[in-house]
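The values are calculated or read from the model by the stated rules, or taken from the named source; none is laboratory data. Every value quoted in this text rests on a predicted model; they were computed, and no experiment measured them. Every residue, glycine as well, gets a Cβ built from its backbone with ideal geometry; the counts of neighbours run over all protein chains shown. The protein model used for the area step is the full one, side chains on, heavy atoms only, and it has no ligands, DNA or RNA in it. Shrake-Rupley method; radii C 1.70, N 1.55, O 1.52, S 1.80 Å.
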Amino acid sequence: MDEALLQQFLDNQAPAPAFATDLAWNVIGYNKPMLDWFPGVVDQANQMRWAFFAPEAREQLVDWEHDWARPYLGQIRYERAHHPEDKALLQLERDILAGSAAARELWDRREVVEHSHGSLRRLRLPFHQGRRSPFGSSSYDRRAPSFSAWSCY
């Protein structure tokens, strides 16, 4: 992967925050607006781990269980089914289920989600002075680095 090209692509999404992840949702690149919206992106460099383990995630991800946790767990289940030998995905699944009682309870529902392309969800971020901000996300083929650009409406 050409890291300079990826960074140029992410930077060109501004003013929208944008980031890229690998198959196991490890953040491999982001732009400046992403840092403004999510300052902790450099500290918790895995999208799923942040959503389940960061104390601020349940406040910032509005309707955390329905709009975020359930779809995220369904996406993990989907990717594990399609990439059963991927050790990073297996470890991610194990870590989240071991570290989050809420995740264990939701996991038992056996939901599967490929990706929530274009779905509208809400955030409550310090960058927006705590106002609820709807956004849309875009994502691409999970076999390659995944790109997400978040547009605030």
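Structure values in brief
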| read-out | value |
| --- | --- |
| Residue within the stretch 89-108 that is out of contact with any helix residue (DSSP H, G or I) (no Cβ under 6 Å at 6 or more places or on another chain), within 24 Å of LEU120 (Cβ to Cβ) and not basic (Lys, Arg) present | yes |
| Filtered residues of the stretch 21-38 (kept if open to solvent by 20 Å² or more (accessible area, probe 1.4 Å), closer than 25 Å to ALA88 by Cβ and free of Cβ contacts under 8 Å to residues at least 40 places away in the same chain) | VAL27, TYR30, LEU35 |
| Any hit, the stretch 63-81, residues being among the basic types (Lys, Arg), in contact with an Asp or Glu (Cβ under 9 Å, 6 or more places away or on another chain) and in contact (Cβ under 8 Å) with a residue 24 or more places away in the chain | yes |
| Residues satisfying the stated conditions in the stretch 95-127, i.e. part of a helix (DSSP H, G or I), surrounded by 14 or more Cβ atoms within 10 Å (Cβ to Cβ) and modelled with pLDDT under 80 | PHE127 |
| Identity of the residue in the stretch 70-94, at pLDDT 95 or above and touching a strand residue (DSSP E or B) at 6+ places or on another chain (Cβ under 9 Å), that ends up least open to solvent (accessible area, probe 1.4 Å) | LEU92 |
| Condition met for ALA18 (touching a Leu at 6+ places or on another chain (Cβ under 8 Å), of a type in the set (Gly, Ala, Ser) and open to solvent by less than 80 Å² (accessible area, probe 1.4 Å)) | yes |
| Selection count where residues are in contact with a strand residue (DSSP E or B) (Cβ under 9 Å, 6 or more places away or on another chain) and open to solvent by less than 20 Å² (accessible area, probe 1.4 Å), scope the stretch 49-66 | 3 |
| Extreme residue, farthest from LYS87 (Cα to Cα), among residues of the stretch 1-28 that are of a type in the set (Asp, Glu) and not in a helix (DSSP H, G or I) | ASP2 |
